[in-house]
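Colleague: My structure is below; once you've seen it, I'll send some questions.
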Amino acid sequence: MTKFKKHTLLFMLLLLGAAACRVTKQYERPVVPDQGLYRDVQSTDTNSIGLMRWDSLFTDPVLQTLVREGLEKNLDLRSALERIKSADAALRQSRAAFLPSLNADVSVTDNKQSRAALNFPPGININLETQTYRAQLSTSWEADIWGKLSSGRRAALATLLQTEAAKRAIQTQLVSAIANNYYALLALDKQLAITEETIRIRIQDVETMRSLKEGAVVNGAAVVQSEANRYAAEVTVPDLKQGIRETENALSILLARAPGTIVRGKLESQVPLTNLETGVSSQLLKNRPDVQQAEFAFRASFENTNVARTFFYPSLTLTAGGGLSSLQLQNFFSQSIFYNIVGGLTQPIFNRGLNKARLRTAQANQQIAYNDFQQSLLNAGNEVSNYLYAYQAASDKQQSRSRQIASLTKAVEYTKELLRYSSATNYTDVLTSEQALLAAQLAGVNDQLQKLQAVVNLYRALGGGWQ
C-alpha cells in the first residue's frame, strides 16, 4: 500500500469517526396548548366548515366569479408566489453546498527581473524574462461532519414551507376580504333602498300635512316638522353613496382592478350557513396556514441554532487541483502535468466571541419563534370563539329586531291614522315613530350583514379558503 493510500485511509477513518459525533439535534414539534381553545365548545366531532371548498360555502354565482378573479389577479397573492420561488432557489442552493466546487483557470504570466536583483556578474548573458503558460482545474469540498450543511438545508426547506404557508394564509385572507366587502356592498345597497323608500313616503307625508293644515287638523309647525323629517332622511343618502363607492373601490383593489363599479346581486338572496361545525381546536395546527407558517418559522430557527453550534467545531475541507503548466508554449502538452491534493482541519480558537454571540442570537430567535408559534395558535382559538359568538349574537338580534320593526310599522300607521281622524295625538308622535322605524330597519340590515360576515370570518379562522 502506497504512502498516499495509507494517508487517504487514515483520513477517511478520521472522517467517519468525526461524523459519528454529530452536535446537531433532530427537530420535533414542540408541545403547544392545542386543546380547549374554543370557548364554551366541547365538541369532539372533527367535521369543520374550514375543510369546505370556498365555492361550496359561497353559493352566490356573482361572488364566486369575483373570488376566482381575485385568486387569479390579486397582487399580494402574486407576490407570495414570487417569494415561494425565491425560497425554492435558496433551497436548491443549500443542496448544492453538498457538492464540490469546480473552477477552471487559463493564464499566461509574464515575469521579468533585473540583473541587479539576481546579482549576476556582468558579461553573463542570461534571459531574465520568462513566460508561464498554465491551464488548470481546481475543486474544493467541505465534509458535513457536524451536520452544518444538513441543518442549513433543513432550514432552507422550512423557509420554503413557511413561504408556501404564507401564500395560503394570504389566500384565506383574500377570499374572506372579497366576501366581506361583497356582503358589505349588498348591505349598503339595501340601506340605500330603504332610505330612498323612506324619503318617498316622507315626501307624501309633507303633502298630507299640508292638506291637514288646510283642514285645520294640524298647524304650521307640523308641516315644518314633516319637511325636516324628510330632509333628515335625505341627508343620509350621500354618506350611504360614499360608503358604496369606497367599498366598490376597495373590492376593485383586491381584484387588481382600477377603482370602478362592481356588478353584484341582492342582500335578500344571501342565505348564511346555519350548521357551523368547528371541529376540534387541535385541527388548527394543520388547517390554519398562519399557524403552519409560525411552526415552519420556528423549525427554521431551530435548524439555524444547529448551524450555530457547528461553528464551535473544526471544519474539514478537501481541495485538489491539476492541469498543465509550461514555460514554453510548444511544450505545453508534453511533460507539463501537475496536481495537488490537500486535506485540512480548521479549528476555531479565538475569534473575538463571534461563535458565542452567533449561538446566543440563534437561541434567542428560536425562543421568539416558539413564542410566536404559541401565540398564533391562541389567536386562532380566540378568533373562532369570537366569530361563533358574533354569529349567535346576530341571530338573537334578528329575532328581536323583526318584532321591533313589526311593532314600529304598526306604531307609524296608528299615529298617522290618529293624527288624521282625531285629536288624540300630534305630529311629534308620528315623527318619533317614523325615525325609530328607519333606524330599526337600517339596524336590521346590519344584523344580517353581521351574520353573513361572521360565517365568512369563522370560515377563515378555521383555516378555510385555501382548499
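Colleague: Suppose R0 equals 51 Å; then what is the FRET efficiency for I405 and L378 from their Cβ-Cβ distance, rounded to the nearest 0.05?
Modeller: Numbers: r = 40 Å, r/R0 = 0.78.
The value I calculate is 0.80.
Colleague: On to the next question. To the nearest 20 Debye, how big is the dipole of the range 354-439 about its Cα centre, given +1 on the beta carbon of each Lys and Arg and -1 on that of each Asp and Glu?
Modeller: On the way: 9 positive and 7 negative charges, 98 e Å.
That gives the range 354-439 a dipole magnitude of about 460 debye.
Colleague: Modelled label-to-label distance, Q242 and Y27, 7 Å Cα→beta-carbon offset: nm?
Modeller: It is 5.0 nm.
Colleague: Apply the Debye scattering formula to the range 244-296, with a single equal point scatterer on each alpha-carbon and no solvent, then give log10 I(q)/I(0) at q = 0.27 Å⁻¹.
Modeller: Log10 I(q)/I(0), no solvent term: -0.94.
Colleague: By average Cβ neighbour count within 10 Å, what is the ranking of 429-435, 222-228 from highest down?
Modeller: 429-435, 222-228
Colleague: Sticking with this one: For V280, enumerate residues with amide H under 5 Å from its amide H, sequence gap 5+ or separate chain, H modeled in the peptide plane.
Modeller: Answer set, sorted by chain and number: none.
Colleague: Suppose the chain between N249 and R200 were pulled fully straight at 0.36 nm per residue; how much longer would it get relative to their current alpha carbon spacing?
Modeller: Stretched out fully, the N249 to R200 stretch lengthens by 14.7 nm.
Colleague: For the pair N426/R53, report the inter-label distance in nm, with labels modelled 7 Å from Cα in the Cβ direction.
Modeller: Placing both labels 7 Å beyond Cα along the Cβ direction yields 6.5 nm.
Colleague: Using a 10 Å cut-off on Cβ atoms, rank the peptides 452-464, 75-87 from the highest mean neighbour count down.
Modeller: 452-464, 75-87
Colleague: With a sphere of radius 12 Å drawn around the Cβ of T415, what net charge do the other residues whose Cβ falls strictly inside it have (Lys, Arg +1; Asp, Glu -1)?
Modeller: Residues near T415 contribute -2 overall.
Colleague: Around I201, under 12 Å between beta carbons, what's the net of Lys plus Arg minus Asp minus Glu among the other residues?
Modeller: Details: positive: R200, R202, R230, K416; negative: E196, E197, D205, E207, E413, E434.
Every neighbour counted, the sum reads -2.
Colleague: So how do 379-385, 232-238, 68-74 stack up, highest first, on mean other-Cβ count within 10 Å?
Modeller: Peptide ranking by packing, descending: 379-385, 68-74, 232-238.
Colleague: Now for a separate question. What does the C-alpha gyration tensor say about the overall shape of the range 169-284? Classify as rounded when a/c is under 1.5, otherwise prolate if a/b is larger than b/c, or oblate.
Modeller: It is prolate, given that a/c is not under 1.5 and a/b is the larger ratio.
Colleague: Place a +1 charge on the Cβ of each Lys and Arg in the range 154-207 and a -1 charge on the Cβ of each Asp and Glu, then give the dipole magnitude about the Cα centre in debye, rounded to the nearest 20. Could the numbers behind the result be given before it?
Modeller: Numbers: 6 positive and 6 negative charges, 115 e Å.
Once rounded to the nearest 20, the dipole reads 560 debye.
Colleague: Give me the extension gain from Y414 to K286: residue separation times 0.36 nm, minus the current Cα-Cα distance, reported in nm with one decimal.
Modeller: 40.2 nm
Colleague: Let me ask you something else. If we count every other residue with Cβ under 13 angstrom of Q366's Cβ, Lys/Arg +1 and Asp/Glu -1, where does the sum land? Intermediate results must be reported in sequence, preceding the final value.
Modeller: Details: positive: K25, R299, R309, R358, R360; negative: E295, E303, D372.
Result for the local shell: +2.
Colleague: Using a simple spin-label model with points 7 Å from Cα along the Cα→Cβ vector, what separation in nm is obtained for S86 and N219?
Modeller: 7.5
Laboratory data are not the source of any read-out in this text; all were calculated from the coordinates shown. Model, not experiment: these values are computed from the prediction. Cβ coordinates were reconstructed from backbone atoms using ideal geometry, including for glycine residues, and neighbour counts include every protein chain displayed.
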